[in-house]
Each structure stands twice: as C-alpha cells, then as structure tokens.
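Each value in this text was obtained by applying a stated rule to the coordinates, not by laboratory testing. All of these numbers come straight from a predicted model, not from anything done at the bench. So basically every Cβ, Gly included, is an ideal-geometry build from the backbone, and we count neighbours across all protein chains shown.
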Amino acid sequence: MNKLMIRTVLGVTGVAVAATAVFSVGAGAGAGAVTVHAATASTTTTTLAPPAQGVGPHPIFMYVDTVAGGNYKPVSDCDMTNLFQPGQTVVFRMYGVNVAAGGINLTSATVANAWIKIPGVKAQTLYFGNHGTNSYWTDGWTVPTNYPVGIVNFVVHVVTKPVPATATTKAVPAESGTFSQAGLAPPSRLTIVKA
C-alpha cells in the first residue's frame, strides 16, 4: 500500500506517493524562495504468493470467521477472536454467494448442505438463522478439555441446490465450495491456547 507523505514549509505543501517519488520542500537562500529537491527512488520486484482463495474459477464465495460464544472472558459473546482455551465455545460464522448462479445468497433456500469439519471431531452441521439484524450460517463447538493446543485447521463445506432454468437464465447445477485456513498467516488462524 502506498503511503502519503505531506510536509509543509513556509506555507508550501509537498505531496507525493512514497512508492513513486518523495519531494522535500525547504526554504531557499532568497526571501520567500523555495527549493525543491527530488529524491531518487529505487524499484524492487516482489514475487507474490498465490491468492489466499486459490487460483482458478470459484463457483461459490464464502466469508468465514470465529467469535466467542457463551460466557467468555475477557471478551463478550460474539466478539471476533481466533484464540480459545479448552472449555470455551467457538462459534463459526459463514455467509456467502453462489457466483455460478449469478450471485444469489447462500441461504437455507439455496443450500442443500453446509457443515464444518474440525480435526478429531465428527462433522458438524451449520445452521442458517437470524442473528441481530442479519441472517447467516453458524455452529458452536465447545473446546474439549483434552483438545491439543495449537492451530485448528477446520474446513467449511457448502453444497448448493441446483437452480432451474427460467425464461431468461440457464439452469445452474448444484455447486460445492470449501473454505480452509491453510495458507493463512498463523496469527490469523483458529488456535487453542493453554488455560
């Protein structure tokens, strides 16, 4: 991300994008004169890793996060967090769209199955419902007291219902999508920590 640098001297403002060039504005030798010095910028090349969502077309887009459930101190219910201790409840939240069907929302009317797989735990169904002024998919998991400390590589799966053809659109078959934390930075992933 480019950073903006602003420097004001004698009522003159020099503004430049840091990645392009940086200008230094200072008082010159004569009264009211302004001298401008252009700094040289070197160019570096950075090889980017593949996108977090993977490469190739994606028929389904999902947003997934975790929040605190139950009486969880030091935060309250529904506070976003990825750090949990044994005995605390992780609430998984998901919403998204079926891109292949023109961007229709993933709701109980458009999804055949939605579930989460947590390592060492039987697959759990996600449920679609109201939460405040919005509706989305959720499921809670109370971390067992003997669950291993460390990153929990959970996976969310969604299978949509087929969309029938209309007078103006083609039929869209059932699609499936998967969310995984794999490849995300460790501080961003669901992690079980010692009590």
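Just grab the label-to-label distance for residue 151 and residue 109, each label 7 Å out from Cα along the Cβ direction, in nm (one decimal).
Label at residue 151, label at residue 109, 3.9 nm between them.
Once amide H atoms are placed 1.01 Å from N in the peptide plane, what residues at a sequence separation of 5 or more from residue 190, or on another chain, have their amide H within under 5 Å of its amide H?
Here the answer is 152, since their amide H atoms fall under 5 Å of that of residue 190.
Subtracting the Cα-Cα distance from 0.36 nm times the residue separation, let me have the gained length for residue 89 to residue 188 in nm, one decimal. Provide the component values of the computation, followed by the final result.
Values: separation 99, 0.36 × 99 = 35.64 nm, distance 1.78 nm.
So the chain would gain 33.9 nm between residue 89 and residue 188.
Arrange the following residues from fewest to most other Cβ atoms within 10 Å of their Cβ: 133, 66, 166, 110.
Working: 133 5, 66 21, 166 8, 110 17.
Arranged by neighbour count, lowest to highest, 133, 66, 166, 110 become 133, 166, 110, 66.
Report the full-extension gain for the segment residue 55 to residue 79: residue separation times 0.36 nm, less the Cα-Cα distance, to one decimal in nm.
5.5 nm
How large is ³J(HN,Hα) for each residue in region 113-127, as worked out from phi by the Karplus curve 6.51 cos²θ - 1.76 cosθ + 1.60 (θ = phi - 60°), to whole Hz, x for Gly and Pro?
For region 113-127, the Karplus curve yields 8, 9, 8, 10, 10, 10, x, x, 10, 4, 3, 10, 6, 8, 10 Hz.
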